[in-house]
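Remarks on the structure that follows.
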Amino acid sequence: MSAARFSARFYVAAGIVAAVLLFGLVAPLVFRTHQVGDVVGGLYDHPSAHAWLGTDNLGHDVFTNLMYGTRTSLLIGLVAGAIATLLGVAVGTLAGYRGGAVEEGLMGFTNVILAIPSIVVLVLISIALGTRSTLTLAVVLAVTSWPWTARAVRAQASSVRTREHLDVARLSGAGTFSLICYDVVPYMLSYICMAFVLQVSGAVLNEAALSMLGLGPSGGVSLGIMLHWALAWESVRTGAWWAFVPPTLLLTLLAFALLMLQSSLDELFNPRLRRHARRRRTARPAALPLPVERPVPEGAAE
Amino acid sequence: MSTEPTGRTTPADDGSASAAADAGDALVVGEHLTRVFGRGDAAVRAVDDVSFALRRGEITTVVGESGSGKSTLARMLLKLLPVTSGRLVFDGADVTDRTDTTAYWRQVQAVFQDPFSAFNQFFTVRRLLARSRRLLGAELTEARMVEALEQVGLAAGDVLGRYPHQLSGGQRQRVMIARALLMRPSLLIADEATSMLDASLRATILNVLTDLRDRAGLTILFITHDIGQACYVSDQVLVLSRGRLVESGPAERVIFDPRHDYTRKLLADVPRLHDTG
């Protein structure tokens with residue numbers, strides 16, 4: 001029941017995620033020499049003591065952009081992830097818990113949404129919106145990504161539904177809302193937690209994809225927008241690696257760490273997947289004969 | 001074993017509707033109760049044309065092997081499962097299609113088989129009991145919770161603040177009975193309530209049930225696969241096989257003079273507890 005149950009993978013993943021969070025949320029408060037939009041140099045100045053990661057096509061400090069861009073990307077990711085998880089859990093729980101026609105209807109709708117490639121919907125909605133605030137973009141990302149969570153949660157809910165404690169709660173007079181909130185959802189929390197992590201990682205990547213296409217949040221900087229400008233102003237051709245490598249690395253690192261966090265959480269909540277524990281357990285008997293063998297070479301030495 | 005009322009009425013052994021004839025002092029009467037799952041070729045008649053009467057202040061046991069329809073019958077009586085056809089009468093009123101379950105559940109309560117999965121693991125005993133507020137309203141007081149726990153031999157101070165994983169199996173099952181008693185029901189359905197307990201705890205729970213009948217006059221429907229337990233507690237026995245009622249009658253008669261082959265088979269499978277001579 002202690003921290004020993006967490007695998008090394010979990011700590012590595014959580015560490016990276018925490019580092020990126022710190023960088024996005026705390027670093028802008030610490031490093032305040034430059035602000036977003038300050039022109040600190042020329043076109044693609046090399047990294048220097050003045051601008052740690054050089055400047056971009058407009059002479060803005062890349063490091064400053066990176067901090068604020070990470071903040072925007074994380075904010076969109078977390079908000080979109082939370083909304084998508086909420087929607088997915090609501091639809092999935094209702095469908096799984098009620099069953100019958102409600103389930104058929106909701107899941108039919110979910111499958112229709114799943115069948116439409118979400119990037120197309122994303123692009124169309126983003127074009128339709130004149131100005132896109134961070135929050136609007138998060139909502140747009142959320143409404144296109146909840147369906148698979150709904151489907152997965154439905155399966156969980158319909159299995160929890162048959163448990164005896166629900167009958168007991170019904171006999172105590174608990175209403176449907178109370179049953180769903182206190183008897184069904186808490187039993188799926190581990191699952192919902194993992195779904196949220198995946199949704200955040202999906203939203204961060206989708207935001208980057210949209211921004212790279214020039215459909216990102218207006219009036220700000222995000223990791224995707226940095227990549228958009230870097231590509232549009234030929235940083236790749238001119239070898240200005242500092243313009244595109246840092247945002248790419250951060251995005252990769254964040255997405256990778258979130259996926260790893262999810263899979264190590266899965267391992268924690270689902271004992272059948274604990275390969276480390278199994279390996280350790282099978283390794284132990286193999287290690288046992290060692291102390292027995294040890295006296296032999298000692299005897300040979302004498 | 002108290003079997004005084006047996007002289008008066010004896011439900012027909014073939015399990016026909018005549019069981020409902022003694023509806024006079026019956027709390028619950030089931031007439032031709034049937035429950036079908038699925039439809040078409042896949043239809044399963046889990047409970048098939050079962051008629052019976054549960055007399056007030058008696059323990060009636062339903063015996064049958066797994067899949068005989070015992071739990072389906074219990075769920076229908078609890079109104080957790082709609083009846084496909086037939087009629088269910090409670091205290092003189094037809095409740096077959098009654099949708100207002102709030103009042104019904106103040107009268108009819110249940111204890112289930114698995115004393116662990118019946119608990120919401122996130123709730124303390126106090127919270128579990130307090131959930132009855134919707135049924136009981138202002139009647140639900142701390143004193144009433146304490147009283148219900150005392151009825152099953154638990155000290156409120158020991159268990160109220162605890163989570164289910166902090167209780168033993170026997171304590172958990174007694175808390176479940178206390179939860180049911182909190183409503184002061186007139187019918188308690190114990191669906192395999194002793195099956196997952198070890199032998200000594202089983203006797204404790206059975207004694208709690210017989211005590212409730214003798215002291216509080218509670219009507220109890222006891223469901224078990226173990227005809228030995230039926231013999232220990234019950235006044236009336238109903239034998240279910242594949243959803244059909246194959247034999248019913250006073251406990252002593254059914255156990256010591258079984259008339260249906262299936263009942264004989266069930267009895268033959270029991271490790272010998274009595275000399276059935």
Kirkwood hydrodynamic radius over Cα pairs of the stretch B:119-277, then Stokes diffusion coefficient at 4 °C and 1.567 mPa s, in µm²/s: 75
Whole-Å semi-axes of the stretch A:1-44's equivalent ellipsoid (Cα gyration tensor): 37, 12, 5
The stretch B:58-128: relative contact order in percent, alpha carbon pairs under 8 Å with at least 6 residues between: 17
Chain A, helix-only ellipticity at 222 nm - DSSP H runs n ≥ 4, -39,500 (n - 2.57), divided by all residues, nearest 500: -22500 deg cm²/dmol
Virtual spin-label span in nm between residue B:203 and residue B:42, 7 Å along Cα→Cβ: 4.8
Highest-fluctuation residue, A:216, A:239, A:224 considered, GNM on chain A with Cα pairs under 10 Å: A:239
From phi via Karplus (6.51, -1.76, 1.60), per-residue ³J(HN,Hα) for the stretch A:148-165 in Hz, x at Gly/Pro: 5, 5, 4, 5, 5, 5, 4, 4, 5, 5, 6, 7, 5, 3, 7, 6, 5, 5
Size descriptor, Kirkwood hydrodynamic radius, that averages inverse alpha-carbon separations across the stretch A:122-196, Å: 14.8
Likely footprinting exposure, B:233, B:63, fewest C-beta neighbours within 10 Å first: B:233, B:63
Mean projected area in nm² (Cα convex hull; one quarter of hull surface) for the protein assembly as shown: 42.6
Cα-Cα P(r), chain B, percent of pairs per 10 Å interval: 7, 30, 36, 22, 6, 0
Mean-position separation - Cα centroids, the stretch B:100-164 and the stretch A:46-60, in angstrom: 68
Residue-averaged beta-carbon neighbours from other chains (10 angstrom radius) around A:172-180: 4
Equivalent ellipsoid semi-axes - Cα gyration tensor, the stretch B:169-232, angstrom: 18, 14, 10
Shielding by partners, peptide A:143-150 (average Cβ within 10 angstrom, other chains): 0
Evaluated at q = 0.31 Å⁻¹: base-10 log I(q)/I(0), Debye formula over Cα of the stretch A:43-92: -1.00
Quotient of Cα Rg and 2.2 N^0.38 Å for the stretch B:21-124, N being how many residues it contains: 1.16
Against the rule of thumb 2.2 N^0.38 Å, how large the Cα Rg of chain A comes out: 1.30
Exposure proxy order (Cβ contacts within 10 Å, fewest to most) of B:51, A:211: B:51, A:211
Computed over chain A: relative contact order in percent, which uses C-alpha pairs under 8 Å that are six or more apart: 24
Unit charges on C-beta of K, R, D, E only; dipole of the stretch B:108-226, Debye: 460
Dipole of the stretch A:1-113, positive direction: furthest Cα of A:92, A:7, A:106, with charges on the beta-carbon: A:7
Cα radius of gyration and Dmax for the stretch B:45-192 (Å): 16.2, 47
Efficiency of FRET between residue B:80 and residue A:43 - r from beta-carbon atoms, R0 51 angstrom, step 0.05: 0.10
Amide hydrogen neighbours beyond the local backbone of residue B:111, cut-off 5 Å, H modeled: B:189, B:190, B:191
Residues in the stretch B:138-176 reached by a label modelled at residue B:215 [backbone nitrogen below 12 Å; 7 Å Cα→Cβ]: B:147-154
Total charge dipole magnitude, the protein assembly as shown, about the Cα centre, Cβ charges on Lys, Arg, Asp, Glu only, Debye to nearest 20: 800
Equivalent ellipsoid semi-axes, the stretch A:85-231, via Cα gyration tensor eigenvalues times 5, rooted, Å: 37, 15, 12
Three-way shape call for the stretch B:51-106 based on the alpha-carbon gyration tensor, with the a/c threshold at 1.5: oblate
Of all DSSP beta bridges in the protein assembly as shown, antiparallel share, percent nearest 5: 55
Euclidean distance between Cα centres, the stretch A:107-170 to the stretch A:63-96, Å: 12
For the stretch A:1-153, average projected area of the Cα convex hull in nm²: 13.8
Positive-pole candidate from B:111, B:124, B:178, dipole of the stretch B:90-182, charges at beta carbon: B:124
Calculated FRET efficiency for the pair residue B:117/residue A:6, C-beta based, R₀ 30 Å, to 0.05: 0.65
D_trans [Stokes-Einstein, Kirkwood Rh over alpha-carbon pairs] for the stretch A:93-144, 4 °C, 1.567 mPa s, µm² s⁻¹: 103
Mean ellipticity per residue at 222 nm, deg cm²/dmol - from DSSP H runs of n ≥ 4 across chain B, formula -39500 (n - 2.57): -9000 deg cm²/dmol
Order by protection proxy (mean Cβ within 10 Å, highest first), peptides A:105-113, A:56-64, A:68-76: A:68-76, A:56-64, A:105-113
Contact order relative to length of chain B, as percent, for alpha carbon pairs under 8 angstrom and 6 or more apart: 27
Computed magnitude of the charge dipole of chain B (debye, nearest 20; Cβ of K, R +1, Cβ of D, E -1): 980
Selection from A:216, A:65, B:74, by position along the positive dipole direction of the protein assembly as shown (Cβ): A:65
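All of the numbers you see were taken from the coordinates with simple rules; none came from a lab. Since the model is a prediction, treat every value here as computed from it, not as a measurement. We place every Cβ from the backbone using ideal geometry, glycine too, and count neighbours over all the protein chains shown.
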